[in-house]
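The values are calculated or read from the model by the stated rules, or taken from the named source; none is laboratory data. Bear in mind that the values here come from a model prediction, so they are computed numbers and not experimental data. Here the Cβ is made from the backbone with ideal geometry for all residues, glycine too, and neighbour counts use every protein chain on show. Keep in mind that these areas ignore ligands, DNA and RNA; they rest on the heavy atoms of the full protein, side chains included. Shrake-Rupley method; radii C 1.70, N 1.55, O 1.52, S 1.80 Å.
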Amino acid sequence: MSKLIEKKILCIVGARPNFMKIAPVIRALNNSRHPFSVRLLHTGQHYDAAMKQSFFDQLHIPEPDVDLGVGSGSHAVQTAEIMKRFEPVMDELQPDTILVVGDVNSTIACALVAVKKGVPVIHVEAGLRSGDRGMPEEINRVLTDQLSELLLTTERSAEGNLQREGISADKVYFVGNVMIDTLLYNLSSAVSPAETIQSCLNVEQAGSTGAGYGLLTLHRPANVDDPVVLERLLRTLVELSEQLPLLFPVHPRTTQCIENAGLNHLLANSQLYLIPPQAYLNMLGLMKDARLVLTDSGGIQEETTALGVPCITLRENTERPITVSEGSNTIVGSSPEKIKSCFSDIMQSGGKAGRTPEYWDGKAAERIAEVIGNWLYKT
Ligand code: UD1
């Protein structure tokens, strides 16, 4: 039998939530029975050590073969800059396919360049829809799926979403959730919350979290960009922190928004503790042992479902409905009354533990490597 020629797959990452998704995919592609040549490109959308390098180190992601170094900017500037810098790389590397993950600006920018060069795009985490076109990520999801040749989904709801948008079912494969591959792979190495708390807070503050804590993340434009909304949310959260100390790893954009709105004084002397953005294993440890999590992140809704930790989602909708129908997630939006009522329910009842959704079993990336191999090497 003649030896198969290695097919070249260029994997793309750009922002923090991409890193935990790409780690198991690269590992599975490299260990696959199919002979792939795998390269990694980082757009540079996220560049701070806390937002990028700590993830590469802890998750053993190989250093990128190419770093476009785009950095921050408006959506248009960031997307355009990635496209401009990515095009010559495509010409030089001549991949057989590119693989993009998730829904960030890097995802759509690279998909658009590749498809116009006639290079097929693989989308991991395809078909999720919040139905809210006000979210930049929703635009990125819809457009990336339209451009993709192979669409790999994390939950069953995605298939119906893609079908409604006219995408042919033979391009779509339900493979499961690679973010949960990473979670299960790393769970036993999670850093203990005590260690993280001690390194971030002074002794007196750290002591007050001994009776348990909640974990908070907040970075969506809808929650942090408008000073009025942000102030209302922070006041509510400070109030809740009197019942349960809240640890708040702050995204850089949120730090800026709190500062610009002059809201730091609200947090002084409260039990809402601001800490720097956390590396993956530290965040995993904090999530695992939290009594509850409040968040507007997409990925954390899924991670808390996999961990069975109650999650209160501070958004009006979710693109990951299985975290609500089967998992531990409740959608409450940003109304103080709803947040407080859900918080009290969980404090009293312990919240819903939920169950782990189908194919969130640590093997999604292996299934992905198999699907890609069969697709790329079909005669
Ligand atoms: C991006 C993703 C969002 C994801 C989030 C996770 C899009 C449209 N959004 O939003 O889906 O949930 O990442 O973090 O792609 N900044 C730094 N250091 C960094 C990166 C960013 O200081 O390493 C600051 C900059 O001031 C920047 C701001 O954060 O302007 C926003 O970063 P950006 O990548 O544009 O979008 P995110 O809000 O992080």
With N residues in segment 1-89, what two-decimal value do you get for its Cα radius of gyration over 2.2 N^0.38 Å? 1.21
Report, in whole Å, the centroid distance computed from the Cα atoms of segment 156-183 and segment 60-137. 19
Would you mind checking which residues have amide H under 5 Å from A126's amide H? H placed 1.01 Å from N; only 5 or more apart, or other chain. L152, T153, T154
Centroid-to-centroid separation of segment 248-276 and segment 293-334 [C-alpha atoms, Å]: 22
To check my understanding: the extent here is largest minus smallest coordinate of the Cα atoms along each principal axis. What are those three numbers for the chain, in Å, largest first? 68, 39, 39
With x for Gly and Pro, the residue-by-residue ³J(HN,Hα) of segment 187-197, computed from phi through the Karplus equation 6.51 cos²θ - 1.76 cosθ + 1.60 at θ = phi - 60° and given in whole Hz, is 4, 6, 9, 4, 6, 5, x, 4, 5, 5, 4
Working note, segment 139-279: Cα radius of gyration (Å, one decimal) and Dmax (Å, whole number) are 20.1, 58
Roughly what % antiparallel, to the nearest 5, for the DSSP beta bridges in segment 192-349? 0
Would you please calculate the Kirkwood hydrodynamic radius of segment 1-46 over all C-alpha pairs and express it in Å, rounded to one decimal? 11.7
Expected max-MSF residue from D226, D145, D96 in the GNM of the chain (alpha carbon, under 10 Å) is D226
With a ≥ b ≥ c taken as the square roots of the eigenvalues of the C-alpha gyration tensor of segment 192-349, please select rounded if a/c is under 1.5 and otherwise prolate if a/b is larger than b/c or oblate if it is not? rounded
Work out from phi, with θ = phi - 60° and the Karplus expression 6.51 cos²θ - 1.76 cosθ + 1.60, the ³J(HN,Hα) of each residue of segment 240-245, listed in order in whole Hz, and give x for Gly and Pro. 5, 5, 6, 7, 8, x
Cleavage-rule hits, GluC sites (Glu not before Pro), segment 176-258, DSSP coil, Cβ neighbours within 10 Å at most 16: E242
What does the charge count around S106 come to, taking other residues whose C-beta lies under 15 Å from its C-beta (Lys +1, Arg +1, Asp -1, Glu -1)? 0
Solvent-accessible heavy-atom area per residue, rounded to whole Å², over segment 151-208 at 1.4 Å: 50
³J(HN,Hα), Karplus 6.51/-1.76/1.60, whole Hz, each residue of segment 270-281, x for Gly, Pro: 9, 9, 9, 9, 7, 10, x, x, 9, 5, 4, 5
Pairwise over distinct Cα atoms, reciprocal of the mean inverse distance: report the Kirkwood radius of segment 268-379 in Å, one decimal place. 15.8
Provide Rg and Dmax in Å for segment 71-192, with only Cα atoms included in the calculation. 15.5, 47
Kindly rank 71-79, 304-312 from highest to lowest mean number of other beta carbons found within 10 Å of each residue. 304-312, 71-79
Cα-centred dipole magnitude for segment 193-264, charges only on beta-carbon of K, R (+1) and D, E (-1), debye, nearest 20: 160
Rounded to a whole number, what % of the accessible area of the chain do carbon and sulfur atoms account for, probe 1.4 Å? 50
If amide H atoms are built 1.01 Å from N in the plane of the peptide, which residues on other chains or at least 5 residues away come under 5 Å of the amide H of K8? S37, D96, T97
Evaluate E = 1/(1 + (r/R0)^6) for H265 and N317, where r is the Cβ-Cβ distance and R0 equals 35 Å; express this FRET efficiency to the nearest 0.05. 0.65
